[in-house]
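The values are calculated or read from the model by the stated rules, or taken from the named source; none is laboratory data. The shown structure was predicted, so the numbers you read here are calculated from the model rather than taken from an experiment. In this analysis, Cβ positions are derived from the backbone assuming ideal geometry, glycine residues included, and neighbour counts consider all displayed protein chains. Areas reflect the complete protein model, heavy atoms only, side chains present, ligands, DNA and RNA absent. Shrake-Rupley method; radii C 1.70, N 1.55, O 1.52, S 1.80 Å.
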Amino acid sequence: MLNNNEKKITPGGELLDIVRRVLAGSNDINPLHEPLFEGNEWAYIKDCLDTGWVSSVGSYVDQFEDALAEVCDVRHAILTMNGTAALHAAMSVLGIQRDEEILVPSLTFVATTNAISYMGAVPHFVDSSLPDLSVDTNKLRQYLGHVAQKRSDGLYNIQTGRKIAALLPVHLYGHAAKLDAIQELADEFHLPLLYDGAEALGCSFDGRSVFGAGEMTTLSFNGNKIITTGGGGAILTNSDSLAQKAKHITTTAKVPHRWRLDHDAIGFNYRMPNINAALGLAQLEQLPNHLADKRKLAQAYEKAFAECSFATFLSEPENTISSYWLCTILMHQASERGSALEMLNDAGYLCRPAWTPMHQLPMYENCPRMDLTGTEDLAARIINLPSSVTLGRALS
Ligand SMILES: *Cc1c(COP(=O)(O)O)cnc(C)c1O
């Protein structure tokens, strides 16, 4: 007869069983998110090599920008070398000044916060909450009511004396942030809105693309994102003047002219090379397939975790469509996550915790912040599961 100890299955072991069942027949090693090339990638890149148009100008840059703007339902897309450069350039376009504060979730990838630092500006960390893992708007409104003061030239932090110049929400793991509540808050406090949409290609909110919200949204096409250009990013906007400034500042602030070599500001060399844009255009053609397969995978995980007593699958918030860039579960007990991650990784399922929250990193630990207990609680319980497109496809 078995005694109780021998019968007891650990949460880690049960979790491994669930993931094994969903991903039955997958490879020995399952990374968090792998790229997939199966369309015109070879043809378009060969075309760049054959014609010599590999660098910072070329027809694929224009074609990819046009196609991207259409898919994202915005007027303009400006391609950049990576998502971090897109964030940096977008803040420069917004006119963010040294020593101004930018409200940003602590629950994000370090690139969001680094880009603020490149401006000489100061990240001011705000809390995140379920169901979208983005800005907790109610809590932020209350907080700003205490620490912020509206003056004729903008919003000020009365504790630091610095201007609060913008709000930078993140669409986390491919879930749409609450666009309406965020817009309402931004209007109330006269804050420009820049969204980090690096993980959000394919997301919609209330039947519309998330990319029309705010002043601008940035994307990333890093190798682990929904589609990739090797390295790459973009700035999306509906504003003609912001788009024009973004294109100017990312191309060394060169004054357009047939032969004159003239620059009228300190610009960046942040344009995406044509060879990367060629890859991007081919990948964008595959986006509907990628999104459909990712959705299939998310649904399989969701079903498998429905009966689980110690972890909850993170489903798309109501009235939204998620890209499910990463499939996420929340452990009910933070204390059980370490052993679960260890068992999953030992078995070749390269699951990952959330990023360490920004306010806990040494270079950002002294930045201004509101109460971040929501962030700390979520960050301690998140597990991201293998989420590659191929895993969803293997289910059919
Ligand atoms: C990937 C990512 C970025 C940065 O993109 P890079 O292209 O790697 O520079 C920024 N923010 C978030 C939330 C990301 O996931």
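Would you work out the relative contact order for the chain, in percent, from Cα pairs under 8 angstrom that are 6 or more residues apart? Over the chain, the number comes to 25 percent.
Probe radius 1.4 Å, ligands and nucleic acids left out: which of His290, His248, His263 has the largest accessible area, and how do the rest follow? Walk me through the intermediate numbers first.
Values: His290 0, His248 45, His263 95 Å².
Order by accessible area, largest first: His263, His248, His290.
Over segment 8-65, accessible surface divided per residue gives 59 Å², non-protein components excluded, 1.4 Å probe.
In the elastic network of the chain, a GNM with C-alpha springs shorter than 10 Å, the most mobile of Ser323, Ser106, Ser309 is Ser309. Pairs exceeding 29 Å between alpha-carbon atoms, taken from Lys150/Lys178; Lys139/Lys163; Lys163/Lys225; Lys178/Lys296; Lys150/Lys247; Lys163/Lys254: Lys163/Lys225; Lys150/Lys247; Lys163/Lys254. Computed over segment 173-307, the alpha-carbon pair-distance distribution with 5 angstrom bins reads 2, 9, 13, 17, 18, 15, 11, 8, 4, 2, 1, 1, 0, 0, each value a whole percent. The amide H of Tyr349, built 1.01 Å from its N in the peptide plane, has Asn30 as neighbours under 5 Å, considering only residues 5 or more places off or on other chains. Charge tally around Ile266: other residues with Cβ under 15 Å, Lys/Arg +1 each, Asp/Glu -1 each, net +1. When you restrict to C-alpha pairs under 8 Å that are six or more residues apart and normalise by the size of segment 82-194, the relative contact order lands at 26 percent. Restricted to Cα atoms, segment 271-394 shows a radius of gyration and a Dmax of 17.5, 50 angstrom.
With all protein chains in place and a 1.4 Å probe, the accessible surface of the chain carries 50 percent carbon and sulfur. Compactness ratio for segment 1-136: Cα radius of gyration over 2.2 N^0.38 Å (N = residue count) comes to 1.63. From most to least packed by mean Cβ count within 10 Å, the peptides 161-170, 372-381 give 161-170, 372-381.
If we count every other residue with Cβ under 11 angstrom of Gln283's Cβ, Lys/Arg +1 and Asp/Glu -1, where does the sum land? List each step's numbers first, then the result.
Working: positive: Lys225; negative: Glu38, Glu41, Glu285.
My count for the surroundings of Gln283 gives -2.
Over segment 263-396, Cα pairs under 8 Å with separation of 6+ residues give a relative contact order of 30 percent.
Just to make sure I understand: if all protein chains stay in place, what is the order of Lys150, Lys247 by accessible area at 1.4 Å, largest first?
On the way: Lys150 110, Lys247 90 Å².
Of Lys150, Lys247, the descending order of accessible area is Lys150, Lys247.
Ignoring ligands, DNA and RNA, what accessible area per residue does segment 328-396 give at 1.4 Å, in Å²?
Values: 2950 Å² over 69 residues.
For segment 328-396, the per-residue accessible area is 43 Å².
Compactness ratio of the chain: Cα Rg over 2.2 N^0.38 Å, N = residue count? The partial results should precede the final answer.
On the way: Rg = 21.9 Å, N = 396, 2.2 N^0.38 = 21.4 Å.
Expressed relative to 2.2 N^0.38 Å, the Cα Rg reads 1.03.
With every protein chain kept in place and ligands, DNA and RNA left out, what is the accessible area per residue of segment 124-248? Probe 1.4 Å, answer in Å². Walk me through the numbers on the way to the answer.
Details: 4170 Å² over 125 residues.
The answer is 33 Å² per residue.
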